[in-house]
1. Would you kindly state the longest site-free stretch of the chain, with sites defined as GluC sites (Glu not before Pro) in a DSSP loop (not H, G, I, E, B) surrounded by at most 13 other Cβ atoms within 10 Å?
2. How much net charge surrounds W62 when only the other residues with a Cβ under 11 Å from the Cβ of W62 are counted, with Lys and Arg +1 and Asp and Glu -1?
3. Work through the residues other than P9 whose Cβ is under 12 Å from its Cβ and net out their charges, Lys, Arg +1 and Asp, Glu -1.
4. Among T40, T48, T19, whose mean-square fluctuation peaks in a Gaussian network model of the chain (Cα, cutoff 10 Å)?
5. With a bin width of 10 angstrom, please list the P(r) values of the chain as percents of all Cα-Cα pairs, from the 0 bin to the one holding the largest distance.
6. So what is the calculated 222 nm ellipticity per residue for the chain, using -39500 (n - 2.57) for each DSSP H run with n of 4 or more, over all residues, to the nearest 500 deg cm²/dmol?
7. Which of the helices in the chain meet the span-like rule: DSSP H, Cα axial reach of 27 Å or more, Kyte-Doolittle mean at least -0.5?
8. Which residues in segment 38-55 have a backbone N closer than 20 Å to a point placed 7 Å from the Cα of T14 along the Cα-to-Cβ line?
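Derivation of every value follows stated rules applied to the coordinates shown; laboratory data play no part. Since the model is a prediction, treat every value here as computed from it, not as a measurement. Positions of Cβ are generated from backbone atoms using ideal geometry, with glycine treated the same way; all protein chains shown enter the neighbour counts.
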Amino acid sequence: MSEGILLEPVARGTLLPETERVARLQSALPQILAALEGETDEVAIQATLACLLWETLPQANWCGFYRRIGERMLAVGPYQGGMGCLRISFDRGVCGACARTGTTQLVPDVQAFPGHIACDDATRSELVIPITVGGRLQAVLDLDSPHRSGFSLSEARLLEALMTQTFSQAVHPSPGIG
Ligand code: SME
């Protein structure tokens, strides 16, 4: 599979009405799962999800992963969009709050979120979803939008289920090659 997914083209930056966004995501989900079928490499899964969710979510200006690299530290992983912060400690920002609490952070207005890290001044809302394997946080999915309320609770729930499905098939750590 290398053709990406079939979706109506929508210009980057467009905030579709919520019902259309949910329908678009629902039509993308089986295609994303098919694209990842049988893949067990964590980085291959992250990179492909970053690519395909970027196509699915035109309201996003950043779409990607922060990986846990220490007890309380995240480092940037595969993503689409402008350059992101390289490292985020569990004490900082929306990603840190997600990593610290292990719960999804749906932030309709980042200016009202104490400690938000402004990697891109244009960002107005954010959705961060924890990826937990065997009870331990492995990474977070970070989605940013230049629109207020760029992501809804329905989108968050669908994406949480996608993260569970796709990362439960990943091998931790990836098997050695030697
Ligand atoms: N806004 C995020 C930082 C990550 S970047 O925007 C890509 C936060 O506050 O966690």
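1. Details: sites that count: E3, E37, E71.
Counting at most 13 other Cβ atoms within 10 Å as exposed, the longest clean stretch of the chain is 72-178.
2. After counting each charged neighbour, the total is -4.
3. Around P9, the charge tally is 0.
4. T19
5. 10, 41, 37, 11, 1, 0
6. -10500 deg cm²/dmol
7. Length and hydropathy pass: none found.
8. Of the residues in segment 38-55, 51-55 have backbone N under 20 Å from the label point off T14.
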